[in-house]
Amino acid sequence: MLVFKIVEEEEWLKALDAGVYRGSKTDKKDKFIHLSTSQQLAGTLARHFADVTAPLLLIAIDADSLGAHLKWEKASNGETYPHLYHALDLSLVLWNSTVPLKAPGVFALPADAFAEQKKNPYLS
């Protein structure tokens, strides 16, 4: 199963330079990296990114690769979300894709978010 992180492009570029993703400001405050399933992506975008105008990326990770660091926990809306209690090793990223803004608060999710897993672009 794939899980996803939605990040601002600039934040992701910093992670690439550092070789690891340690989370957004909110993630650091909450002490875990907030992730979503493919079914949760639209809601996550609507709730947390509606006012964001910066370019966004969708980062895909195989949930099984995260091992014991991945916890499934109930959020305030009653849904169970994947939370990563560890920095994200970039070698675990399967792919990333832009999340185009179609209109204010309306995003276009890539079809790959609902398809089979791909190869990690960071591994040679």
Note to self: Can you tell me which condition Val52 does not meet? The list is (1) under 14 Å from the mean Cα position of the chain (by Cα); (2) surrounded by 13 or more Cβ atoms within 10 Å (Cβ to Cβ), and all the others hold.
What the structure shows: (1)
Notebook entry, point to check: Would it be correct to say that Thr80 is more than 19 Å from Ala115 (Cα to Cα) and in contact with a Lys or Arg (Cβ under 9 Å, 6 or more places away or on another chain)?
Noted result: yes
Next item on the list: Any chance you could count how many residues in the range 59-72 are in contact with a His (Cβ under 8 Å, 6 or more places away or on another chain) and surrounded by fewer than 15 Cβ atoms within 10 Å (Cβ to Cβ)?
Entry: 2
Note to self: Restricting to the range 75-99, give me the number of residues that are free of Cβ contacts under 8 Å to residues at least 40 places away in the same chain, touching a strand residue (DSSP E or B) at 6+ places or on another chain (Cβ under 7 Å) and more than 17 Å from His34 (Cα to Cα).
What the structure shows: 1
Checklist line | Only listed residue being surrounded by 11 or more Cβ atoms within 10 Å (Cβ to Cβ) and at pLDDT below 95, chosen from Ala75, Ala103 | finding: Ala75
Check: Just to be sure, is Ala42 within 14 Å of the chain's Cα centre (by Cα), under 21 Å from Pro110 (Cα atoms) and without any contact (Cβ under 8 Å) to a residue 60 or more places away in the chain?
Finding: no
Note to self: If Lys31 satisfies all but one of (1) of a type outside the set (Gly, Ala, Ser); (2) within 15 Å of His69 (Cα to Cα); (3) crowded, with 18+ Cβ neighbours inside 10 Å, what's the number of the condition it fails?
What the structure shows: (3)
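Filter the range 1-29 down to residues that are of a type outside the set (Phe, Trp, Tyr) and either touching a residue at least 24 places away in the same chain (Cβ under 8 Å) or not in a helix (DSSP H, G or I) (or both), then give me how many there are.
The first filter runs over the range 1-29 and keeps only residues of a type outside the set (Phe, Trp, Tyr), leaving 1-3, 5-11, 13-20, 22-29.
Checking the rest, the ones that are also either touching a residue at least 24 places away in the same chain (Cβ under 8 Å) or not in a helix (DSSP H, G or I) (or both) come to 1-3, 5-10, 15-16, 19-20, 22-24.
Here the count works out to 16.
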Next item on the list: Could you tell me which residue of the range 4-28 is farthest from Lys102 (Cα to Cα), considering only residues that are among the hydroxyl-bearing types (Ser, Thr, Tyr) and surrounded by 12 or more Cβ atoms within 10 Å (Cβ to Cβ)?
Entry: Tyr21
Notebook entry, point to check: For Asp62, all conditions in the list (1) among the charged types (D, E, K, R); (2) over 24 Å from Gly19 (Cβ atoms); (3) at pLDDT 95 or above hold save one; what is the number of the exception?
Noted result: (2)
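The values are calculated or read from the model by the stated rules, or taken from the named source; none is laboratory data. Because the structure is predicted, anything quoted here is derived from the model rather than measured. A quick note on method: Cβ atoms are made from the backbone with ideal geometry, for glycine too, and the neighbour counts reach across all protein chains shown.
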